[in-house]
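K.L.:
Got a structure for you, written out below as structure tokens; questions coming shortly.
The values are calculated or read from the model by the stated rules, or taken from the named source; none is laboratory data. Here the structure is a predicted model, which means the values were calculated and not measured. Positions of Cβ are backbone-derived with ideal geometry, glycine not excepted, and every protein chain shown enters the neighbour counts.
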Amino acid sequence: MTVLTNLKYYYLNLGTQGRGEPSRLLLHDANVSFEDNRLEFPEWMALKSELSKEYPAAALPLLKTGDGEYYGLSGPLMRFLSHELGYDAAGKKETHFIDQIADLSSDWLQDCIRLFFQPDQRDFHNKVFKPNHLGRMESMYGYHADGPYALVSDTSKNITTATATTTIDYKENPNLSKFVQAFEDRKNLKEYIAAFPKDEQPIVIPLE
Ligand SMILES: N[C@@H](CCC(=O)N[C@@H](CS)C(=O)NCC(=O)O)C(=O)O
């Protein structure tokens, strides 16, 4: 078991948007303290060239543990942390179900991230991609009808879904609504989520 002490977490300075927030939420949920480094792009480029040997994946998010090891990329890092923190699903079938949600969440996030670079595509995104992603999640979170969590009982891998960069119409998506409410009420997350900025604007990254 890796000792999760003296943790240094790295992601771009994108507020709650992008791929950085799920692991932050997981660490907060587990009450694990960490140094939260929100990097400007040039800072990341400097770190990236410094780490080229130790961390060939060379992308964020990234966690450095107290023993000097690097663990990165949103899905693999969530799986690693979930395992180390004892949040794993109980069996193969449950693990597979959660993995499917993680995969769909990643697709959703990627479509949202594309909008950082192509904000003019937002109408198309809202009309075509967003309903598709919402429909998939609504179906996954409705499968175990006793919800509110993906597997009924709570497990951290729900966290990826909770932070997809979008707004949700809760009337149209009752299963997701139930999940988000339960998630936001979690003991160690309540205060943290309540302090999220209320006026966060969609990220726009101009192409050089
Ligand atoms: N599939 C990876 C994607 C990683 C990725 O592309 N991260 C972006 C930030 S969201 C990044 O590091 N961009 C800067 C770079 O590639 O140097 C994940 O889910 O973490």
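K.L.:
Exactly one of these conditions fails for Ala164: (1) closer than 19 Å to Ser105 by Cβ; (2) surrounded by fewer than 19 Cβ atoms within 10 Å (Cβ to Cβ); (3) at pLDDT below 90. Give me its number.
P.N.:
(2)
K.L.:
Looking at region 7-59, which of its residues are near the ligand (Cβ under 9 Å from one of its atoms) and surrounded by fewer than 12 Cβ atoms within 10 Å (Cβ to Cβ)?
P.N.:
Residues satisfying the conditions are Phe41, Met45.
K.L.:
Now for a different question. Tell me the helices (runs of 4 or more DSSP H) entirely within region 1-103 that contain at least 2 residues that are of a type in the set (Gly, Ala, Ser) and within 30 Å of Thr167 (Cα to Cα). Spell out how you get there, then give the answer.
P.N.:
Numbers: elements: 21-29, 41-50, 74-85.
Output list reads 74-85.
K.L.:
Right, another one. Looking at Leu62, is it within 19 Å of Glu84 (Cβ to Cβ), within 11 Å of the ligand (Cβ to nearest atom), touching a Phe, Trp or Tyr at 6+ places or on another chain (Cβ under 7 Å) and not acidic (Asp, Glu)?
P.N.:
yes
K.L.:
If you don't mind, there's one more thing I want to ask. Given the criteria at pLDDT below 85 and not aromatic (Phe, Trp, Tyr), does Val152 qualify?
P.N.:
yes
K.L.:
Further, regarding this structure: Restricting the search to region 71-87, which residues are more than 13 Å from the ligand (Cβ to nearest atom) and without any contact (Cβ under 8 Å) to a residue 40 or more places away in the chain?
P.N.:
His83, Gly86
K.L.:
Also, quick follow-up: Considering only region 6-53, how many residues are at pLDDT below 95, over 17 Å from the mean Cα position of the chain (by Cα) and of a type in the set (S, T, N, Q)?
P.N.:
1
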